[in-house]
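Step one of this worksheet: look at the structure below.
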Amino acid sequence: MLLAVFSDSHGRPERMLRAAEACRPDHILFLGDGVRDAKALERAFPAIPVIILRGNCDWSAEDCEDSALFTLEGVRIFAAHGHRHGVKLDMDGFLNSVCCSGAALGLYGHTHVPRIEKRQGVTLMNPGSIGDPWSPGYGLVRINGGAFHCVLKKAKEL
């Protein structure tokens, strides 16, 4: 199973649409700051389940949650935009939420800095900003039989 992870499109949905077309994920997660863009993605790929979270710039997205906890093929995942966890200052608040949720994988955005790291036995991934004009990116999570592998992708060429 393939999970595509996007964040921070900030009014630029076209790269998400092209990335989803190119990788054909089984699920899509949008981590906030561009809910309207993510809804365009949802309309373009109605057969793909899409989880849309709101970020600090999504003031009117009252129909979206701030965070999500879900399981895909035996992998428990905690996801949030990250602004409410202070991820621009340090990872302690977000890491605490991931660990307390029992998740093996924590996905967050907000900083626009792509990153994968392991801390306290969990994997944390920030896909970067798909809307960044200079270095757009997104993340892919390949899940198979309870195991997972995270990859960061550049979207400049899309």
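Results for (1) of a type in the set (Lys, Arg); (2) surrounded by fewer than 21 Cβ atoms within 10 Å (Cβ to Cβ); (3) farther than 26 Å from residue 36 by Cα, shown as yes or no for each residue.
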position	(1), (2), (3)
108	no, no, no
116	no, yes, yes
120	no, yes, yes
134	no, yes, no
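A single entry from 78, 94 fulfils the requirement of being out of contact with any Ser or Thr (no Cβ under 7 Å at 6 or more places or on another chain), under 27 Å from residue 146 (Cβ atoms) and among the aromatic types (Phe, Trp, Tyr): 94.
Just one of the listed residues (147, 61) is open to solvent by less than 50 Å² (accessible area, probe 1.4 Å) and either over 16 Å from the mean Cα position of the chain (by Cα) or more than 21 Å from residue 10 (Cβ to Cβ) (or both), namely 61.
The criterion of at least 1 residues that are at pLDDT 95 or above and farther than 16 Å from residue 2 by Cβ is met, among strands (runs of 3 or more DSSP E) falling completely within segment 54-158, by 67-72, 75-80, 105-108, 115-119, 122-126, 137-144. Kindly evaluate residue 140 against the criterion of being under 11 Å from the mean Cα position of the chain (by Cα) and either charged (D, E, K, R) or open to solvent by 10 Å² or more (accessible area, probe 1.4 Å) (or both). Yes.
For residue 17, the criteria (1) under 18 Å from residue 110 (Cα atoms); (2) surrounded by fewer than 22 Cβ atoms within 10 Å (Cβ to Cβ); (3) out of contact with any strand residue (DSSP E or B) (no Cβ under 7 Å at 6 or more places or on another chain) hold in every case but one, which is (1).
The values are calculated or read from the model by the stated rules, or taken from the named source; none is laboratory data. Keep in mind that this is a model prediction, so the values were computed, not measured. Backbone-built Cβ (ideal geometry, glycine too); neighbour counts: all protein chains shown. Ligands, DNA and RNA are excluded from the accessible area calculation, which covers all protein heavy atoms including side chains. Shrake-Rupley method; radii C 1.70, N 1.55, O 1.52, S 1.80 Å.
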